[in-house]
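For reference, the structure discussed in these notes is given below.
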Amino acid sequence: DVSSPKHGKVDPDNMPHVGGNMWAGGTGGRDTAGLGGKGGPYRLDAGHRVYQVSQAEKDAVPEEVKRAAREMGEKAFKRRLKEIQMSEYDASIYERFSGAVRRQVQSLRIILDNLQ
């Protein structure tokens, strides 16, 4: 069961973690920042294969946990914007322009990775 959202512990060796509710950047777990899980405050990609929990499991997360996760994610977003000296308006403008070329940038990254 989900209880309360948290960032989670950071693995200094960046090992892949699947399931559970301890590690930041894990996949398919609960309550922690990661990918493919449920009840976490925000997405955090540590570069590992993503294991996805079912949509039914995600839908079963209690509303108070979802609300707490959204609030924690919003606080982390605002803190990050402050760190990089960007306003919410700047972030929305950046997202608009970035979104327009996201596919092309991803294609270029793939081409450059293959060339290396």
When you go through ARG43, ARG103, ARG96 one by one, which is the residue that is open to solvent by 40 Å² or more (accessible area, probe 1.4 Å), at negative phi and under 18 Å from the mean Cα position of the chain (by Cα)?
-> ARG43
Considering every residue within the range 27-35, establish whether at least one is touching a residue at least 40 places away in the same chain (Cβ under 8 Å) and outside any loop (DSSP other than H, G, I, E, B).
-> no
Within the set of pairs 6+ apart or on separate chains, which have a first residue in the range 1-23 that is touching a residue at least 40 places away in the same chain (Cβ under 8 Å), a second that is exposed (fewer than 15 other Cβ atoms within 10 Å of the Cβ) and in a loop (DSSP other than H, G, I, E, B), and C-beta atoms under 9 Å apart?
-> VAL2/ALA60; VAL2/PRO62
Kindly list the number of the only condition in (1) touching a strand residue (DSSP E or B) at 6+ places or on another chain (Cβ under 7 Å); (2) more than 23 Å from ARG80 (Cβ to Cβ) that fails for ALA56.
-> (1)
Test result for GLY20, crowded, with 16+ Cβ neighbours inside 10 Å, in the same structural domain as GLY8 (by the TED database) and of a type outside the set (A, V, I, L, M) = no
Test result for ASP11, assigned to a loop (DSSP other than H, G, I, E, B) and in contact with a Phe, Trp or Tyr (Cβ under 8 Å, 6 or more places away or on another chain) | yes
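The values are calculated or read from the model by the stated rules, or taken from the named source; none is laboratory data. Note that the structure is a prediction, hence the values are computed from the model and not measured. Don't worry about glycine lacking a Cβ; one is built from the backbone with ideal geometry, like all the others, and counts go over all protein chains shown. With ligands, DNA and RNA removed, areas are computed over all heavy atoms of the protein, side chains included. Shrake-Rupley method; radii C 1.70, N 1.55, O 1.52, S 1.80 Å.
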